[in-house]
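One structure is given here, and the rest of the page talks about it.
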Amino acid sequence: MQVLEKPVATKLAIEVRGLRKVFRKRESLLRGPLKEEWALKGVSFVVHEGETYGLLGPNGSGKSTLIRILSTLLTHDGGEVRMLGYRLPQEERPLRRLIGRVSVDAAFYKKLSARENLLYAAQLYGLEARAAERRAMAILERLGIESRRFNDPLEEMSRGMQQKIAITRALLINPPLLLLDEPTTGLDPKSRRDVQAFLEDLRREQGTTILLTTHDMAEAERLSHRVGFLAHGNLVAEGTAEELKAQAGTQDLEEAFIALTGEEIEEEQDA
Amino acid sequence: MLERYVRPMWAFVFRDWHLTRRYISWVFVFVFYAIVNSATIALIGKSQDDFRLTLTLLLGVLLWSFLSAMYNEIANSISYERWEGTLEYTFMAPVSRLIHLSGVSLFAVLFSVVRTAVILVGLVLFIQVSVSGANLLGVLVVLLVGSLAFMGLGLMAAILPVMSPENGAQATNIFQGVLLLVSGIYYPVSVLPAWIQPLAYLSPATYALEASRKLMGINNPDSTPERLVGAPLSAVLPELGILFVMGLLFIPMGLWVFSRAEGWAKRTGKLKRTG
Ligand SMILES: Nc1ncnc2c1ncn2[C@@H]1O[C@H](COP(=O)(O)OP(=O)(O)OP(=O)(O)O)[C@@H](O)[C@H]1O
Ligand SMILES: [Mg+2]
């Protein structure tokens, strides 16, 4: 049974069915009733191998929660998740080797240099330091960072540069699956285009599967084969940008988003 | 083997070494402070003109500085990552907690040994006290065996910052304070209130101290201020045995507790940088 169900035959990289996640909070530290907040209320979608899937949603719609579950950092409360044939949370160990993640906050040891941060990450995944360093240089160059900045402490770098280092970190292990949580939020237009072009190349050359969240309609349209609209923990619509526009009867994706979710999307909101 | 165990373990040593390098001025400050603090305590013995008291205090302060440095390196490695926001990235890597702990501990032991040696040299320069005749090599063996149990304790304490972003780091210090109190670092356990005394038997530091005092010959009636009569390692086998068993128990216990805490944090969303 198990074997037949493996998505190898169906070529699905990500399979999410009825995914639910609740956070429980108390009003104050120890007292007060537990308040339940459903961040995901039964989300289902699939991403094919080599496909780029864009998730659009306003603040608090559950995008980051979804990415965290797929990154093995949160356990879900209902539904099923399968990635590259592995089932979460049971088979997280082998899966961890195969996923790269970039989050909206570029989390680094800020006192350490880019080189030290990247070599730490590479060795953590079992890569040989010198090979990893060469690979890191190559990626950074393509992202438009000069190699002389390699030894500067991260805290001296701009947000855009830090984000590019974060992308390099995710790609060092050459993962077949990339989970990107607002990878271009806070970047200037030039850096944003650098990153987008790089992702397009990557997909073409390596066939990398990408799940991407963003607030940026143009980015979603440019990068994604298919787009899903997330609102209040529900996937309210999905399809190609053209399909979504047709479904909503609108000219652009932003209008389609408002029509289908009943909500404005705030752009450029740092998490 | 190399890919799965050695390199990931080395990654933590690599990281902690470079972090220590970047915070080197703080390392100097803390070592300086530790030397001064140790000296002021050891000088109490000097002022009493009692070499046994001086040595008891000296040993206590050094041993405690070694063990607490170990414990802190491990427990704080998690709070530090929480503070930097890198915890999620370390936790999503394909690395078992045993490898993670071993890497962090390996650096912690190396760092603590060097740090304690520097403090010892500083102290010897500052207060003239003879340790000739003491079985210092034996003391080193006790320290290394005792580190195992402290690794386990550090790991158990490290769950606190995993579970509470706000108060975890503070709680690890309280835990450390309790250990300091019950272990009889500067005084015999018998002077503690009776209800606290049983706790002393749970602290590995108690046995490490007991053994080290014998090895240095501090309470040996034949010892003189010029020449100590230290005991051979064979005289402290019971303490070594207890320390070893404690390590054997505490490390798996620490790993188990840690994995439970990690699972809980993943269910409740506590791995995130802020609550
Ligand atoms: N670790 C957590 N603990 C408690 N509640 C959480 C946690 N993470 C998310 N939430 C809650 O779940 C909901 C969805 O949050 P999530 O971060 O997934 O939204 P998002 O779509 O990524 O928003 P943004 O666009 O602001 O990044 C929010 O109401 C949030 O408060
Ligand atoms: Mg988010």
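No lab work stands behind these numbers, since they all come straight from the coordinates. Since the model is a prediction, treat every value here as computed from it, not as a measurement. Methodologically, a virtual Cβ is constructed for each residue, glycine included, from the backbone with ideal geometry; neighbour enumeration extends over all protein chains shown.
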So, with +1 on the Cβ of K and R and -1 on the Cβ of D and E, and no other charges, what is the size of the charge dipole of the protein assembly as shown about its Cα centre, to the nearest 20 debye? 1340
How much of the DSSP bridge set in the protein assembly as shown is antiparallel, in percent, rounded to the nearest 5? 60
Cα-Cα separations in the stretch B:54-170 greater than 19 Å, expressed as whole percent: 52
Rg/Rg_globular for the stretch B:19-117, with Rg_globular taken as 2.2 N^0.38 Å and Rg from C-alpha atoms: 1.36
Row for the stretch B:118-171, column shape: gyration tensor on C-alpha, a ≥ b ≥ c, rounded if a/c < 1.5 i.e. under 1.5, prolate if a/b over b/c, else oblate; value oblate
At R0 = 35 Å, FRET efficiency that the Cβ-Cβ distance of A:S44 and B:N173 yields, to 0.05: 0.15
In degrees, nearest 10, the alpha-carbon axis of helix B:204-216 is tilted away from the dominant principal axis of the alpha carbons of chain B by 30
With chain B treated as a Gaussian network of Cα nodes joined by springs under 10 Å, which of B:G146, B:G241, B:G60 yields the largest mean-square fluctuation? B:G241
Using only Cα atoms, find the angle between the long axis of helix B:237-268 and the longest principal axis of chain B, and express it within 0 to 90 degrees, rounded to the nearest 10. 20
Among A:L124, A:P58, A:A246, flag the residue with its Cα farthest along the positive direction of the charge dipole of chain A, charges on Cβ as +1 for Lys/Arg and -1 for Asp/Glu. A:L124
If I take R0 = 25 Å and measure r between the Cβ atoms of A:E200 and B:L2 in this structure, what FRET efficiency does the formula 1/(1 + (r/R0)^6) give, to the nearest 0.05? 0.10
To make sure I understand, if each residue's beta carbon is the centre and we count other beta carbons within 10 Å, what order do A:R148, A:R26 fall in, fewest to most? A:R148, A:R26
What value, in deg cm²/dmol to 500, does the helix sum -39500 (n - 2.57) over DSSP H runs of n ≥ 4 give at 222 nm once divided by the residues of chain A? -10500 deg cm²/dmol
For a quick check: sort A:F198, A:F229, B:F32 by the number of other beta carbons within 10 angstrom, fewest at the front. B:F32, A:F198, A:F229
Long-range tail of P(r) for chain A (Cα pairs > 28 Å, %): 38
Given a Förster radius of 45 Å and the C-beta distance between B:L144 and A:D77 as r, what FRET efficiency does 1/(1 + (r/R0)^6) yield to the nearest 0.05? 0.50
Comparing A:Q162, A:Q251, A:Q90, which has the greatest mean-square fluctuation in the GNM of chain A with Cα pairs linked when under 10 Å apart? A:Q90
Provide the per-residue ³J(HN,Hα) series for the stretch B:61-66, in order, calculated from phi with Karplus coefficients 6.51, -1.76, 1.60 and θ = phi - 60°, each as a whole number of Hz, with x at glycine and proline positions. 5, 6, 4, 5, 5, 5
Is there a pair in B:K46/B:K214; A:K25/A:K245; A:K111/B:K272; A:K190/B:K266 whose C-alpha atoms are over 31 Å apart, and which pairs would that be? A:K25/A:K245; A:K190/B:K266
Calculate the mean, over all residues of peptide A:113-124, of how many other protein chain Cβ atoms lie within 10 angstrom of the residue's Cβ. 6
How high is the relative contact order of chain A, in percent, with contacts defined as C-alpha pairs under 8 Å that are six or more residues apart? 24
So, with points 7 Å from each Cα along the Cβ direction, the B:L110-B:W26 label distance in nm works out to 2.0
A:H225, A:H215 arranged by Cβ crowding within 10 Å, fewest neighbours leading: A:H225, A:H215
Kirkwood Rh and Cα Rg combined as Rg over Rh, evaluated for the stretch B:2-268: 0.99
What translational diffusion coefficient, to the nearest whole µm²/s, does the protein assembly as shown have by Stokes-Einstein, given a Kirkwood radius computed over alpha-carbon pairs, a temperature of 25 °C and 0.890 mPa s viscosity? 94
Springs between alpha-carbon pairs under 10 angstrom, Gaussian network model over chain B: which of B:M253, B:M156, B:M92 fluctuates most? B:M92
To the nearest 10 degrees, the tilt of helix B:168-182 (Cα long axis) against the first principal axis of the alpha carbons of chain B is 20
So what is the 222 nm mean residue ellipticity for chain B from helices alone, if each DSSP H run of at least 4 adds -39500 (n - 2.57) and you divide by all residues, rounding to the nearest 500 deg cm²/dmol? -25000 deg cm²/dmol
Of all DSSP beta bridges in the stretch A:179-271, what percent run antiparallel (nearest 5)? 60
For labels at A:R159 and A:R93 in the simple 7 Å Cα→Cβ model, what's the distance in nm? 4.0
